[in-house]
Amino acid sequence: MSNTLSAGASRSDTGVETKVARDKKLDQWICWWSLPIFYHLFGFIFVYLGRLMPPPAPGLTQAQIVEFIQQNSSKMQLAWVLLSLSLGFASLSSGLIIVQMKRMTVSPVLAYAYMAALSVAALPGCLFCGLMFALAAFRPGRSHT
Amino acid sequence: MEGTLHATAANAPRAERSMNITDQRICLWLVPGFGALLVLAFCMFPGFFPPLSPTLTADEVADFYRNNFAQIRASMLIFNLCEVTFIPFYMVIVVQMQRMATPSRAFAYSYLSAAASGATLFALADLAWLIAAFRPERDPELLLLLNDLAWMAFITPVGFIIAQNFCLALAIYMDARTKPVFPRWVGHFNIVIALLMAPGAFALMNQTGALAWDGFWSFWVRSGAFGSYIAVMFFVVRAAINQQDREQGATA
(Lines give C-alpha, C1' and ligand atoms only; values in the text may rest on other atoms or scores of the structure.)
Protein backbone atom coordinates (compact mmCIF):
# COMPACT_ATOMS: atom_id res chain seq x y z
CA MET A 1 0.00 0.00 0.00
CA SER A 2 2.96 2.31 0.51
CA ASN A 3 3.15 2.69 -3.25
CA THR A 4 -0.12 4.65 -3.05
CA LEU A 5 1.66 7.18 -0.94
CA SER A 6 4.76 7.81 -2.93
CA ALA A 7 3.63 6.74 -6.36
CA GLY A 8 6.08 9.03 -8.12
CA ALA A 9 9.08 7.69 -6.28
CA SER A 10 8.24 4.00 -6.55
CA ARG A 11 7.75 4.25 -10.30
CA SER A 12 11.48 4.70 -10.83
CA ASP A 13 11.92 1.09 -9.68
CA THR A 14 9.96 -0.07 -12.70
CA GLY A 15 12.25 1.77 -15.07
CA VAL A 16 9.82 4.56 -15.96
CA GLU A 17 11.56 7.92 -16.24
CA THR A 18 9.90 10.82 -14.49
CA LYS A 19 10.56 14.53 -14.54
CA VAL A 20 11.43 16.34 -11.32
CA ALA A 21 8.47 15.94 -9.00
CA ARG A 22 6.60 19.17 -8.37
CA ASP A 23 4.30 19.73 -5.41
CA LYS A 24 4.02 16.31 -3.79
CA LYS A 25 0.51 16.94 -2.45
CA LEU A 26 -1.02 19.21 -5.11
CA ASP A 27 -3.66 16.71 -6.26
CA GLN A 28 -4.76 16.00 -2.71
CA TRP A 29 -5.01 19.74 -1.99
CA ILE A 30 -7.16 20.27 -5.08
CA CYS A 31 -9.45 17.50 -3.85
CA TRP A 32 -9.48 19.01 -0.37
CA TRP A 33 -10.51 22.46 -1.66
CA SER A 34 -13.46 20.84 -3.41
CA LEU A 35 -14.93 20.28 0.08
CA PRO A 36 -15.34 23.91 1.24
CA ILE A 37 -16.16 25.19 -2.27
CA PHE A 38 -18.79 22.64 -3.21
CA TYR A 39 -20.37 22.18 0.19
CA HIS A 40 -20.88 25.95 0.41
CA LEU A 41 -22.49 25.77 -3.01
CA PHE A 42 -24.68 22.86 -1.87
CA GLY A 43 -25.74 24.92 1.13
CA PHE A 44 -26.63 27.85 -1.15
CA ILE A 45 -28.59 25.44 -3.38
CA PHE A 46 -30.56 23.67 -0.65
CA VAL A 47 -31.08 26.48 1.86
CA TYR A 48 -31.40 29.68 -0.19
CA LEU A 49 -32.47 28.65 -3.70
CA GLY A 50 -34.23 25.33 -3.17
CA ARG A 51 -35.98 26.43 0.08
CA LEU A 52 -35.66 22.88 1.44
CA MET A 53 -33.84 23.79 4.67
CA PRO A 54 -35.68 24.14 6.95
CA PRO A 55 -37.92 21.59 5.23
CA PRO A 56 -41.49 22.45 4.27
CA ALA A 57 -43.88 20.75 6.70
CA PRO A 58 -45.03 17.25 5.66
CA GLY A 59 -48.52 18.23 6.74
CA LEU A 60 -48.98 20.85 3.99
CA THR A 61 -52.16 20.44 2.01
CA GLN A 62 -52.01 19.79 -1.73
CA ALA A 63 -52.92 23.42 -2.44
CA GLN A 64 -50.11 24.64 -0.18
CA ILE A 65 -47.57 22.38 -1.86
CA VAL A 66 -48.68 23.64 -5.29
CA GLU A 67 -48.34 27.20 -4.03
CA PHE A 68 -44.87 26.46 -2.57
CA ILE A 69 -43.66 25.13 -5.93
CA GLN A 70 -45.32 27.86 -8.00
CA GLN A 71 -43.96 30.71 -5.90
CA ASN A 72 -40.42 29.41 -5.88
CA SER A 73 -40.23 27.80 -9.28
CA SER A 74 -37.58 30.02 -10.90
CA LYS A 75 -35.22 29.89 -7.91
CA MET A 76 -35.78 26.15 -7.61
CA GLN A 77 -34.97 25.64 -11.28
CA LEU A 78 -31.71 27.54 -10.88
CA ALA A 79 -30.97 25.44 -7.76
CA TRP A 80 -31.26 22.14 -9.63
CA VAL A 81 -29.31 23.43 -12.62
CA LEU A 82 -26.43 24.26 -10.28
CA LEU A 83 -26.77 20.89 -8.54
CA SER A 84 -26.71 19.04 -11.88
CA LEU A 85 -23.55 20.87 -12.87
CA SER A 86 -21.66 20.52 -9.62
CA LEU A 87 -22.71 17.32 -7.87
CA GLY A 88 -19.98 15.31 -9.60
CA PHE A 89 -17.36 17.29 -7.72
CA ALA A 90 -18.51 15.60 -4.51
CA SER A 91 -16.54 12.61 -5.88
CA LEU A 92 -13.26 14.50 -5.41
CA SER A 93 -13.58 14.38 -1.65
CA SER A 94 -14.19 10.63 -1.73
CA GLY A 95 -11.08 10.22 -3.89
CA LEU A 96 -9.08 12.09 -1.26
CA ILE A 97 -10.53 10.07 1.62
CA ILE A 98 -9.71 6.79 -0.19
CA VAL A 99 -6.08 7.89 -0.59
CA GLN A 100 -5.92 8.66 3.13
CA MET A 101 -7.76 5.47 4.14
CA LYS A 102 -5.31 3.42 2.12
CA ARG A 103 -2.46 4.85 4.20
CA MET A 104 -4.01 3.27 7.29
CA THR A 105 -2.72 -0.05 8.59
CA VAL A 106 -5.95 -1.86 7.78
CA SER A 107 -7.10 -3.86 4.79
CA PRO A 108 -8.42 -1.69 1.92
CA VAL A 109 -11.82 -3.37 2.25
CA LEU A 110 -13.15 -0.44 4.29
CA ALA A 111 -11.83 2.08 1.76
CA TYR A 112 -13.53 0.28 -1.11
CA ALA A 113 -16.76 -0.02 0.91
CA TYR A 114 -16.60 3.73 1.56
CA MET A 115 -16.12 4.49 -2.14
CA ALA A 116 -18.95 2.21 -3.28
CA ALA A 117 -21.35 3.53 -0.63
CA LEU A 118 -20.60 7.16 -1.46
CA SER A 119 -20.82 6.69 -5.24
CA VAL A 120 -24.26 5.12 -4.93
CA ALA A 121 -25.51 7.46 -2.21
CA ALA A 122 -24.99 10.60 -4.32
CA LEU A 123 -27.97 9.62 -6.47
CA PRO A 124 -30.88 8.78 -4.14
CA GLY A 125 -29.47 11.04 -1.43
CA CYS A 126 -29.04 14.18 -3.48
CA LEU A 127 -29.57 14.16 -7.23
CA PHE A 128 -32.89 12.31 -7.22
CA CYS A 129 -34.32 14.83 -4.75
CA GLY A 130 -33.22 17.68 -7.02
CA LEU A 131 -34.60 16.00 -10.12
CA MET A 132 -38.02 15.50 -8.51
CA PHE A 133 -38.30 19.13 -7.43
CA ALA A 134 -37.06 20.22 -10.86
CA LEU A 135 -39.79 18.08 -12.38
CA ALA A 136 -42.38 19.82 -10.21
CA ALA A 137 -41.00 23.28 -10.99
CA PHE A 138 -40.62 22.60 -14.74
CA ARG A 139 -44.37 22.92 -15.38
CA PRO A 140 -45.84 24.80 -12.42
CA GLY A 141 -49.17 24.78 -14.24
CA ARG A 142 -49.22 20.96 -14.41
CA SER A 143 -52.56 19.31 -13.62
CA HIS A 144 -52.68 18.50 -9.90
CA THR A 145 -56.00 16.80 -9.49
CA MET B 1 -6.82 -2.30 -8.44
CA GLU B 2 -4.15 -3.87 -6.33
CA GLY B 3 -3.63 -6.48 -9.02
CA THR B 4 -2.58 -3.75 -11.43
CA LEU B 5 -0.13 -2.44 -8.93
CA HIS B 6 1.64 -5.70 -8.47
CA ALA B 7 1.52 -6.59 -12.11
CA THR B 8 3.35 -3.44 -13.18
CA ALA B 9 6.21 -4.22 -10.84
CA ALA B 10 9.19 -5.49 -12.75
CA ASN B 11 9.40 -8.71 -10.77
CA ALA B 12 5.85 -9.85 -11.58
CA PRO B 13 5.59 -13.20 -13.35
CA ARG B 14 5.28 -13.00 -17.14
CA ALA B 15 1.80 -14.59 -17.22
CA GLU B 16 0.46 -12.07 -14.74
CA ARG B 17 1.87 -9.19 -16.78
CA SER B 18 0.32 -10.26 -20.07
CA MET B 19 -2.99 -10.97 -18.31
CA ASN B 20 -2.98 -7.41 -17.06
CA ILE B 21 -2.81 -6.20 -20.67
CA THR B 22 -5.32 -8.74 -21.98
CA ASP B 23 -8.05 -7.87 -19.48
CA GLN B 24 -7.71 -4.19 -20.29
CA ARG B 25 -7.99 -4.96 -24.01
CA ILE B 26 -11.15 -7.01 -23.42
CA CYS B 27 -12.73 -4.09 -21.56
CA LEU B 28 -11.58 -1.70 -24.30
CA TRP B 29 -13.07 -3.76 -27.13
CA LEU B 30 -16.44 -3.91 -25.40
CA VAL B 31 -16.77 -0.27 -26.52
CA PRO B 32 -17.07 -0.72 -30.31
CA GLY B 33 -19.16 -3.90 -29.84
CA PHE B 34 -21.73 -2.54 -27.44
CA GLY B 35 -21.28 0.98 -28.80
CA ALA B 36 -22.67 -0.20 -32.15
CA LEU B 37 -25.71 -1.66 -30.36
CA LEU B 38 -26.19 1.63 -28.50
CA VAL B 39 -26.00 3.64 -31.73
CA LEU B 40 -28.59 1.26 -33.18
CA ALA B 41 -30.87 1.78 -30.14
CA PHE B 42 -30.34 5.56 -30.38
CA CYS B 43 -31.39 5.55 -34.04
CA MET B 44 -34.33 3.21 -33.36
CA PHE B 45 -35.89 5.40 -30.67
CA PRO B 46 -38.61 7.36 -32.48
CA GLY B 47 -38.29 10.32 -30.08
CA PHE B 48 -34.74 11.34 -31.03
CA PHE B 49 -35.04 12.27 -34.73
CA PRO B 50 -36.08 15.00 -34.15
CA PRO B 51 -36.05 15.06 -30.33
CA LEU B 52 -39.49 15.33 -28.73
CA SER B 53 -40.30 18.94 -27.90
CA PRO B 54 -40.93 19.94 -24.25
CA THR B 55 -43.79 22.14 -25.54
CA LEU B 56 -45.93 19.16 -26.64
CA THR B 57 -49.26 18.91 -24.82
CA ALA B 58 -50.13 15.92 -22.64
CA ASP B 59 -52.33 14.50 -25.40
CA GLU B 60 -49.59 14.82 -28.02
CA VAL B 61 -47.14 13.04 -25.71
CA ALA B 62 -49.72 10.31 -25.05
CA ASP B 63 -50.18 9.88 -28.83
CA PHE B 64 -46.43 9.48 -29.23
CA TYR B 65 -46.34 6.61 -26.72
CA ARG B 66 -49.52 5.01 -28.06
CA ASN B 67 -48.34 5.05 -31.68
CA ASN B 68 -44.73 3.98 -31.06
CA PHE B 69 -44.78 1.81 -27.94
CA ALA B 70 -43.19 -1.26 -29.59
CA GLN B 71 -40.22 0.68 -30.98
CA ILE B 72 -39.77 2.58 -27.71
CA ARG B 73 -39.73 -0.67 -25.73
CA ALA B 74 -37.26 -2.34 -28.12
CA SER B 75 -34.80 0.56 -28.18
CA MET B 76 -34.96 1.11 -24.42
CA LEU B 77 -34.46 -2.61 -23.79
CA ILE B 78 -31.21 -2.46 -25.78
CA PHE B 79 -30.14 0.65 -23.86
CA ASN B 80 -31.02 -1.10 -20.62
CA LEU B 81 -28.81 -4.10 -21.41
CA CYS B 82 -25.87 -2.29 -23.01
CA GLU B 83 -25.51 1.09 -21.35
CA VAL B 84 -23.50 -0.18 -18.38
CA THR B 85 -20.74 -1.50 -20.67
CA PHE B 86 -19.15 1.95 -20.55
CA ILE B 87 -18.15 1.12 -16.96
CA PRO B 88 -15.41 -1.40 -17.94
CA PHE B 89 -14.07 1.23 -20.38
CA TYR B 90 -13.97 3.90 -17.68
CA MET B 91 -12.21 1.43 -15.40
CA VAL B 92 -9.48 0.92 -18.03
CA ILE B 93 -8.98 4.70 -17.83
CA VAL B 94 -8.72 4.36 -14.01
CA VAL B 95 -6.07 1.63 -14.39
CA GLN B 96 -4.15 3.83 -16.84
CA MET B 97 -4.45 6.82 -14.48
CA GLN B 98 -2.78 4.68 -11.82
CA ARG B 99 0.24 4.26 -14.10
CA MET B 100 0.73 8.03 -14.19
CA ALA B 101 3.48 9.62 -12.10
CA THR B 102 1.00 11.81 -10.23
CA PRO B 103 1.67 12.67 -6.58
CA SER B 104 -1.10 10.30 -5.40
CA ARG B 105 -4.05 8.37 -6.79
CA ALA B 106 -6.61 10.88 -5.56
CA PHE B 107 -7.82 11.76 -9.08
CA ALA B 108 -7.98 8.12 -10.18
CA TYR B 109 -10.22 7.26 -7.22
CA SER B 110 -12.31 10.41 -7.75
CA TYR B 111 -12.73 9.44 -11.40
CA LEU B 112 -13.83 5.93 -10.39
CA SER B 113 -16.38 7.31 -7.95
CA ALA B 114 -17.80 9.84 -10.43
CA ALA B 115 -18.00 7.23 -13.22
CA ALA B 116 -19.92 4.83 -10.97
CA SER B 117 -22.43 7.54 -10.00
CA GLY B 118 -22.83 8.86 -13.54
CA ALA B 119 -23.48 5.52 -15.21
CA THR B 120 -26.57 4.95 -13.08
CA LEU B 121 -28.26 8.10 -14.34
CA PHE B 122 -29.03 6.88 -17.81
CA ALA B 123 -30.67 3.81 -16.23
CA LEU B 124 -33.14 6.18 -14.55
CA ALA B 125 -34.07 7.85 -17.86
CA ASP B 126 -34.32 4.47 -19.53
CA LEU B 127 -36.63 3.18 -16.78
CA ALA B 128 -38.94 6.21 -17.07
CA TRP B 129 -39.24 5.76 -20.86
CA LEU B 130 -39.94 2.04 -20.36
CA ILE B 131 -42.59 2.70 -17.68
CA ALA B 132 -44.31 5.23 -19.96
CA ALA B 133 -44.33 2.76 -22.85
CA PHE B 134 -45.45 -0.10 -20.57
CA ARG B 135 -49.01 1.27 -20.26
CA PRO B 136 -49.46 3.80 -23.06
CA GLU B 137 -53.20 3.88 -22.23
CA ARG B 138 -52.32 5.62 -18.91
CA ASP B 139 -53.71 9.12 -18.16
CA PRO B 140 -51.95 11.56 -20.57
CA GLU B 141 -50.98 13.85 -17.65
CA LEU B 142 -49.06 10.95 -16.08
CA LEU B 143 -47.44 10.07 -19.40
CA LEU B 144 -46.35 13.71 -19.67
CA LEU B 145 -44.81 13.49 -16.18
CA LEU B 146 -42.94 10.26 -17.00
CA ASN B 147 -41.81 11.76 -20.29
CA ASP B 148 -40.49 14.87 -18.50
CA LEU B 149 -38.66 12.67 -15.97
CA ALA B 150 -37.09 10.55 -18.72
CA TRP B 151 -35.86 13.55 -20.70
CA MET B 152 -34.55 15.37 -17.66
CA ALA B 153 -32.71 12.35 -16.30
CA PHE B 154 -31.28 11.79 -19.80
CA ILE B 155 -30.15 15.35 -20.61
CA THR B 156 -29.48 17.29 -17.43
CA PRO B 157 -27.23 15.42 -14.92
CA VAL B 158 -23.97 16.33 -16.66
CA GLY B 159 -22.05 16.95 -13.42
CA PHE B 160 -20.56 13.50 -13.18
CA ILE B 161 -19.02 13.43 -16.64
CA ILE B 162 -17.77 16.98 -16.01
CA ALA B 163 -16.07 15.82 -12.78
CA GLN B 164 -14.66 12.73 -14.52
CA ASN B 165 -13.15 14.76 -17.34
CA PHE B 166 -11.85 17.39 -14.93
CA CYS B 167 -10.06 14.70 -12.83
CA LEU B 168 -8.61 13.02 -15.90
CA ALA B 169 -7.42 16.33 -17.36
CA LEU B 170 -5.72 17.39 -14.11
CA ALA B 171 -4.09 13.97 -13.73
CA ILE B 172 -2.75 14.25 -17.31
CA TYR B 173 -1.35 17.72 -16.59
CA MET B 174 0.34 16.44 -13.40
CA ASP B 175 1.72 13.25 -14.92
CA ALA B 176 5.49 13.71 -14.44
CA ARG B 177 6.57 10.83 -16.68
CA THR B 178 8.89 11.86 -19.51
CA LYS B 179 6.77 9.59 -21.73
CA PRO B 180 3.32 10.45 -20.38
CA VAL B 181 0.52 7.85 -20.27
CA PHE B 182 -1.77 10.20 -22.24
CA PRO B 183 -0.49 13.12 -24.33
CA ARG B 184 -1.33 16.58 -23.00
CA TRP B 185 -3.87 17.37 -25.73
CA VAL B 186 -6.07 14.63 -24.24
CA GLY B 187 -6.32 16.80 -21.11
CA HIS B 188 -7.44 19.82 -23.16
CA PHE B 189 -9.84 17.57 -25.08
CA ASN B 190 -11.44 16.38 -21.83
CA ILE B 191 -11.97 19.96 -20.65
CA VAL B 192 -13.49 21.01 -24.00
CA ILE B 193 -15.91 18.06 -23.96
CA ALA B 194 -16.93 18.85 -20.36
CA LEU B 195 -17.64 22.48 -21.37
CA LEU B 196 -19.64 21.38 -24.42
CA MET B 197 -21.80 19.06 -22.30
CA ALA B 198 -22.35 21.54 -19.45
CA PRO B 199 -25.20 23.56 -21.09
CA GLY B 200 -27.34 20.38 -20.91
CA ALA B 201 -28.05 21.17 -17.24
CA PHE B 202 -30.01 24.27 -18.30
CA ALA B 203 -32.69 22.08 -19.88
CA LEU B 204 -34.19 22.00 -16.36
CA MET B 205 -35.29 25.62 -16.74
CA ASN B 206 -36.00 26.03 -20.46
CA GLN B 207 -38.94 24.72 -22.43
CA THR B 208 -37.93 26.41 -25.69
CA GLY B 209 -34.76 27.53 -27.44
CA ALA B 210 -31.25 26.15 -27.79
CA LEU B 211 -31.05 25.16 -24.11
CA ALA B 212 -34.35 23.25 -23.99
CA TRP B 213 -33.93 19.47 -23.96
CA ASP B 214 -34.58 19.29 -27.70
CA GLY B 215 -32.38 22.32 -28.41
CA PHE B 216 -29.08 22.75 -30.23
CA TRP B 217 -26.90 22.81 -27.11
CA SER B 218 -28.75 20.45 -24.81
CA PHE B 219 -29.46 17.72 -27.32
CA TRP B 220 -27.30 17.92 -30.43
CA VAL B 221 -24.06 19.34 -29.02
CA ARG B 222 -24.31 17.28 -25.83
CA SER B 223 -24.99 13.97 -27.61
CA GLY B 224 -22.44 14.73 -30.32
CA ALA B 225 -19.79 15.66 -27.75
CA PHE B 226 -20.37 12.45 -25.77
CA GLY B 227 -20.28 10.27 -28.90
CA SER B 228 -17.07 11.84 -30.18
CA TYR B 229 -15.57 11.67 -26.68
CA ILE B 230 -16.03 7.90 -26.49
CA ALA B 231 -14.75 7.45 -30.06
CA VAL B 232 -11.60 9.54 -29.53
CA MET B 233 -10.89 8.11 -26.07
CA PHE B 234 -11.14 4.59 -27.49
CA PHE B 235 -8.06 5.22 -29.67
CA VAL B 236 -6.24 7.21 -26.98
CA VAL B 237 -6.76 4.47 -24.38
CA ARG B 238 -5.74 1.81 -26.89
CA ALA B 239 -2.45 3.66 -27.44
CA ALA B 240 -1.90 3.88 -23.66
CA ILE B 241 -2.41 0.11 -23.25
CA ASN B 242 0.04 -0.53 -26.11
CA GLN B 243 2.56 1.76 -24.40
CA GLN B 244 2.14 -0.21 -21.15
CA ASP B 245 2.63 -3.45 -23.08
CA ARG B 246 5.89 -2.16 -24.61
CA GLU B 247 7.18 -0.89 -21.27
CA GLN B 248 6.50 -4.18 -19.56
CA GLY B 249 8.22 -6.01 -22.40
CA ALA B 250 11.25 -3.75 -22.02
CA THR B 251 11.59 -4.38 -18.28
CA ALA B 252 11.04 -8.16 -18.59
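The values are calculated or read from the model by the stated rules, or taken from the named source; none is laboratory data. Remember, predicted model here, so these are calculated numbers, not experimental data. Quick reminder, even Gly has a Cβ in these numbers, built from the backbone with ideal geometry, and neighbours come from all protein chains shown. When the accessible area is computed, the model is the full protein with side chains, heavy atoms only, and any ligands, DNA or RNA have been set aside. Shrake-Rupley method; radii C 1.70, N 1.55, O 1.52, S 1.80 Å.
Overview of values
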| quantity | calculated |
| --- | --- |
| Filter result for B:LEU142 (closer than 30 Å to B:PHE107 by Cβ and either at pLDDT below 95 or in a helix (DSSP H, G or I) (or both)) | no |
| Residue in the range A:60-67 that is assigned to a helix (DSSP H, G or I) and closer than 19 Å to B:ALA153 by Cβ present | no |
| Unmet requirement for B:VAL181, which otherwise passes all of (1) loosely packed, with under 15 Cβ neighbours inside 10 Å; (2) touching an Asp or Glu at 6+ places or on another chain (Cβ under 7 Å) | (1) |
| Answer from A:ALA57, A:ALA113 - the residue that is outside any helix (DSSP H, G or I) and hydrophobic (A, V, I, L, M, F, W, C) | A:ALA57 |
| Residue in the range B:117-128 that is more than 7 Å from every other protein chain (Cβ to nearest Cβ), open to solvent by less than 10 Å² (accessible area, probe 1.4 Å), charged (D, E, K, R) and part of a helix (DSSP H, G or I) present | yes |
| Residues of the range A:85-116 classified as crowded, with 22+ Cβ neighbours inside 10 Å and among the charged types (D, E, K, R), total | 1 |
| Lone qualifier among A:ARG11, A:ARG22 - being assigned to a loop (DSSP other than H, G, I, E, B) and either within 12 Å of chain B (Cβ to nearest Cβ) or at pLDDT below 75 (or both) | A:ARG22 |
| Index of the failed condition, B:TRP220 passing every other in (1) open to solvent by less than 50 Å² (accessible area, probe 1.4 Å); (2) within 23 Å of B:GLY35 (Cβ to Cβ) | (1) |
| The range B:170-221, residues that are within 12 Å of chain A (Cβ to nearest Cβ), without any contact (Cβ under 8 Å) to a residue 24 or more places away in the chain and aliphatic (A, V, I, L, M) | B:LEU195, B:MET205, B:LEU211 |
| Failed item, numbered, when A:ILE69 is tested on (1) among the aliphatic types (A, V, I, L, M); (2) touching a residue at least 12 places away in the same chain (Cβ under 8 Å); (3) open to solvent by 60 Å² or more (accessible area, probe 1.4 Å) | (3) |
| Options B:PHE86, B:PHE134, B:PHE69; residue that is more than 14 Å from chain A (Cβ to nearest Cβ) and surrounded by fewer than 16 Cβ atoms within 10 Å (Cβ to Cβ) | B:PHE134 |
